[in-house]
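Single-structure report; data block below.
Any read-out appearing in this document is the output of simple, stated calculations on the displayed coordinates, not a laboratory observation. These figures come from a predicted structure and were not determined experimentally. Counting neighbours? That spans all protein chains shown, and the Cβs are built from the backbone with ideal geometry, glycine included.
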Number of protein chains: 2
Amino acid sequence: MDLHIFSNIQKHISLSESEKLYLRNALPVKELKRKELVLRQGQICRNLYYVESGSLRAFNLNDDGKESTIMFAIRDWWVTDMNGFVNQKKAQLSIEALEHCRLLELSYDLLERLYTEIPKFERFFRILFQNAYIREQQRAFHNIALSTEQRYQYFIDKYPDIVEKITQKQIATYLGVTPEFLSAVKKK
Amino acid sequence: MDLHIFSNIQKHISLSESEKLYLRNALPVKELKRKELVLRQGQICRNLYYVESGSLRAFNLNDDGKESTIMFAIRDWWVTDMNGFVNQKKAQLSIEALEHCRLLELSYDLLERLYTEIPKFERFFRILFQNAYIREQQRAFHNIALSTEQRYQYFIDKYPDIVEKITQKQIATYLGVTPEFLSAVKKK
C-alpha cells in the first residue's frame, strides 16, 4: 500500500524506490483515538507528524484556563509544536486527535540525518517552511487588519475540509474570541 | 570591505572565497532615502532584500485607508512581501525606508539559480524560513491569546533595536490598535 506522504513529498522533490522503502521503514505509524494527545504542553517535543488520515488540533492552555487554538491539521498536513521541535525544548502546545488518526512520526534525529544523507530534503522542507511562513504571516495580518466576521468568513472559505470536522467553540478559540461572540457574529 | 550578509549566511552554512566573490558581484546594492519605497503595494514583487544598514517597515493600506504594519526590518534582517515574491505576483505590501538604508537585492531568478547551482542555499533558506515561520506563528498566537498590554510589552522586550527607530503610531499599526488605544494602554 502506498503512503500519502510520498505524494506529499513528491509535490516538491522526487523520491527513488529505495528512498521510499527507507522512509517506509524509518517512519513509525502512530494511531490515535479521538481525544487522545500526541503531544502534551510542557513535554519535550521530539517529533514532527505527517497526517495520513484523521484530523487534529494544536492548542495552548494558559494559567487562567484560556484555550487558544494555534492550528488544525487534516489529512496531508504536517503538524508539531515547531518551536519546541526545532529547538528540542518544552512544547507550548498540546496536540489532540479530533477523530481516529493515523500519523507518521518523524523524529528530530531522523530529520537531521535526512538533511545530511538525502540533501534534497533541505529543498522539500525549505518549500514547506516557506509556505507555512506565508500562511502564518497572512494570519497575523488578518488578525490585526480584519474584523472577526471577515476572519471567520476567510477561515471557512479557505479551509472547508477543516470546518466540517470541528466545533464552533474550536473555531472561536482559533479566532481568539468567545463562542458567544462568534455566535453573535454569525447571526449578522 | 566585507558585507554583513556574509556573516548572516555563515550562521548556517559556510561560504568559500569564490562564492563570496560571486555573491558580491551578483547582488546589486540599493540605497534608499528616508520615506522612499523599495516595493509598492500592487507591483509585482521581484526581489528579496537583505538589510546591510538602516531600517524599514512593511505595511498594507486597505481600501478604507487603514494601515497595518506587517513587519519591521533592521540591519541584518531579510525583508520582502514573501507571498508576492515566492509566487511572483502583485505585492500586498509596501516597504518603506524609516531612515537612510543600504540594501542588497536578491532577485527571484538569481535565488532560483542559487538553489540549483549552490544547493547549500536550500539549507540556508530552509533555516531562515523555519525561524520566520516560528516567529509568525508565535505572533498569531499572541494576537489571539494576549492582551494589547502584554503584546506591547513582548514587542518592546523582544525588539529593543526596532523600538528605538519607530514611532508609537507605527507600533500601534503593528499591534492592530489605534494610537489612542495604545497610549491609554501605556498609561496603565
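Only residues in region B:1-17 that are farther than 20 Å from B:I127 by Cα count as the first member; pair them with residues that are part of a helix (DSSP H, G or I) and among the basic types (K, R), Cβ under 7 angstrom, at least 6 apart or cross-chain, and list the lot.
Correct list of pairs: B:L3/B:R24.
Quick one: would you say A:V29 is within 25 Å of B:R139 (Cβ to Cβ) and either free of Cβ contacts under 8 Å to residues at least 24 places away in the same chain or β-branched (V, I, T) (or both)?
Against the criterion (within 25 Å of B:R139 (Cβ to Cβ) and either free of Cβ contacts under 8 Å to residues at least 24 places away in the same chain or β-branched (V, I, T) (or both)), A:V29 does not qualify.
Check off (1) closer than 27 Å to A:L146 by Cα; (2) more than 14 Å from chain A (Cβ to nearest Cβ); (3) among the aromatic types (F, W, Y) for B:Y50 and give me the number that stays unchecked.
(1)
Do you know which of the residues in region A:9-56 that are within 14 Å of A:G84 (Cβ to Cβ) and charged (D, E, K, R) is surrounded by the fewest Cβ atoms within 10 Å (Cβ to Cβ)?
Only one residue tops the list, namely A:R40.
Within region A:111-131, which residues are within 7 Å of chain B (Cβ to nearest Cβ) and surrounded by 20 or more Cβ atoms within 10 Å (Cβ to Cβ)?
A:E122, A:F125, A:R126, A:F129, A:Q130 - these are the residues of region A:111-131 that are within 7 Å of chain B (Cβ to nearest Cβ) and surrounded by 20 or more Cβ atoms within 10 Å (Cβ to Cβ).
Restricting to region B:73-92, and then to whatever is closer than 17 Å to B:E36 by Cβ and assigned to a strand (DSSP E or B), can you tell me which residue is farthest from the other protein chains (Cβ to nearest Cβ)?
Among those residues, the one meeting the criterion is B:I74.
Looking only at region B:112-131, count every residue that is over 17 Å from the mean Cα position of the chain (by Cα) and touching a residue at least 12 places away in the same chain (Cβ under 8 Å) and tell me the total.
Qualifying residue count for the region: 4.
Which of the residues belonging to region B:93-105 are surrounded by fewer than 22 Cβ atoms within 10 Å (Cβ to Cβ) and either within 14 Å of chain A (Cβ to nearest Cβ) or charged (D, E, K, R) (or both)?
B:S94, B:E96, B:E99, B:R102, B:E105
Would you mind telling me which numbered condition in (1) under 26 Å from A:I156 (Cβ atoms); (2) part of a loop (DSSP other than H, G, I, E, B); (3) within 11 Å of another protein chain (Cβ to nearest Cβ) A:D64 fails?
Unmet for A:D64, out of (1) under 26 Å from A:I156 (Cβ atoms); (2) part of a loop (DSSP other than H, G, I, E, B); (3) within 11 Å of another protein chain (Cβ to nearest Cβ): (1).
Criterion first (acidic (D, E), farther than 20 Å from A:F129 by Cα and touching a strand residue (DSSP E or B) at 6+ places or on another chain (Cβ under 9 Å)) does B:D157 satisfy it?
no
For residues that are within 13 Å of another protein chain (Cβ to nearest Cβ) and among the hydrophobic types (A, V, I, L, M, F, W, C), scanning just region A:176-188, find the one that is nearest to B:R135 (Cα to Cα).
A:V177
Of (1) part of a helix (DSSP H, G or I); (2) touching a residue at least 12 places away in the same chain (Cβ under 8 Å); (3) facing chain B (nearest Cβ under 8 Å), A:I70 satisfies all except one. Which?
So the condition that A:I70 fails would be (1).
Do we have A:F141 as aromatic (F, W, Y), in contact with a strand residue (DSSP E or B) (Cβ under 9 Å, 6 or more places away or on another chain) and crowded, with 18+ Cβ neighbours inside 10 Å here?
Yes.
So, B:E99, is that one touching a residue at least 60 places away in the same chain (Cβ under 8 Å) and touching a Gly at 6+ places or on another chain (Cβ under 7 Å) or not?
Criteria met by B:E99.
Would you check if there is a residue in region A:162-173 being within 16 Å of A:S55 (Cβ to Cβ), crowded, with 20+ Cβ neighbours inside 10 Å and hydroxyl-bearing (S, T, Y)?
Yes, that holds for at least one residue.
Does A:S14 satisfy the criteria of being farther than 30 Å from A:T178 by Cα, more than 14 Å from the chain's Cα centre (by Cα) and part of a loop (DSSP other than H, G, I, E, B)?
Yes, satisfied.
Results for (1) touching a residue at least 12 places away in the same chain (Cβ under 8 Å); (2) within 12 Å of another protein chain (Cβ to nearest Cβ); (3) under 30 Å from A:Y115 (Cβ atoms), shown as yes or no for each residue.
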residue: B:Y133; (1), (2), (3): no, yes, yes
residue: B:Q137; (1), (2), (3): no, yes, yes
residue: B:R151; (1), (2), (3): yes, yes, no
residue: B:K158; (1), (2), (3): no, no, yes
residue: B:I162; (1), (2), (3): yes, no, no
residue: B:K169; (1), (2), (3): no, no, no
residue: B:Y174; (1), (2), (3): yes, yes, no
